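Beneath this line is the structure, given in structure tokens, with notes to follow.
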Amino acid sequence: MTQETGRTTHFGFETVPEEEKAGRVHGVFTNVASKYDVMNDAMSLGIHRVWKDAMLDWLAPRPGQRLLDVAGGTGDIAFRFLNRAPGASAVVCDMTEGMLIAGRQRAEAENMADRLDWVVGDAMALPFESGTFDTYTISFGIRNVTRIPDALREAYRVLRPGGRLMVLEFSQLPNPMMQKAYDLYSFNVIPPLGQAIAGDRDSYQYLVESIRQFPDQDRFASMIADAGFDNVKYRNLSFGIAALHSGWKI
């Protein structure tokens, strides 16, 4: 039974009890799992692929490393990592089994089956021993976590000394006029697109709202440092529509 905490958090623009958010997020991604990759291409005009490649460029995977990709259900980051690092291995961890199923059905999954595992798990309580991974990535998933500081502390725990955290997430544009134009696109195009492609307007309305609730680049960098990471830096992508944050466990 879930313990009532009395604390609240946001689910998009809605305020909900903390203990309800994970279930509601799970429902969102269960609903969109089969069309998730198609919608990513449609929403971003394919630019999310450029962002993910930029993430791997900065990460610079090395042979033999072990990756944990959290909220990585369809495997995009894990596949890229393994393609760049001979002899490396990866674990994709996601709270939504439907997302993992969609990932395992991709052609790349069969080719990499001996180096790739799929695990259902919660970012705030990872089912792995401490000091297990060389690299921890989370791509467009951290904003959906109920308590982001808990997830960052878990990332720190499961990394080996010298391990690296890399987060790719939607962020804030520094120019108010550009942000206003982006908001007009997001709220007026993405939910109807979700209805047309995935048959689910409400889930994509939530996803748009959740982006606006996420901390800006500097505040999120501070949260990463507070979790124990050193040498925390970030890079804006597409003027700040998305951002990459990096930190090291020294």
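No lab work stands behind these numbers, since they all come straight from the coordinates. Everything numeric here is computed off the predicted structure, so don't read it as measured data. So basically every Cβ, Gly included, is an ideal-geometry build from the backbone, and we count neighbours across all protein chains shown.
Side notes on the structure shown:
- Exposed-site-free run, longest, the chain (rule: GluC sites (Glu not before Pro); DSSP loop; at most 16 other C-beta within 10 Å): 5-128
- Cα centroid of segment 18-47 to Cα centroid of segment 98-118, whole Å: 18
- For the chain, the mean residue ellipticity at 222 nm estimated from helices alone is -14500 deg cm²/dmol, where every DSSP H run of n ≥ 4 contributes -39500 (n - 2.57) and the total is divided by all residues, rounded to the nearest 500.
- Segment 1-126, relative contact order [Cα under 8 Å, separation at least 6], %: 20
- Each label point was placed 7 Å from the Cα along the Cα-to-Cβ direction; for Gln213 and Asp57 their separation is 3.3 nm.
- Each residue of segment 201-209 was assigned a 3J(HN,Hα) from its phi angle through the Karplus curve 6.51 cos²θ - 1.76 cosθ + 1.60 (θ = phi - 60°); the sequence is 6, 4, 5, 7, 5, 4, 4, 5, 5 Hz, with glycine and proline shown as x.
- Cα gyration tensor shape for the chain, rounded if a/c is under 1.5, else prolate or oblate: rounded
- Order of Leu193, Leu45 - criterion: other Cβ atoms within 10 Å of each residue's Cβ, fewest first: Leu45, Leu193
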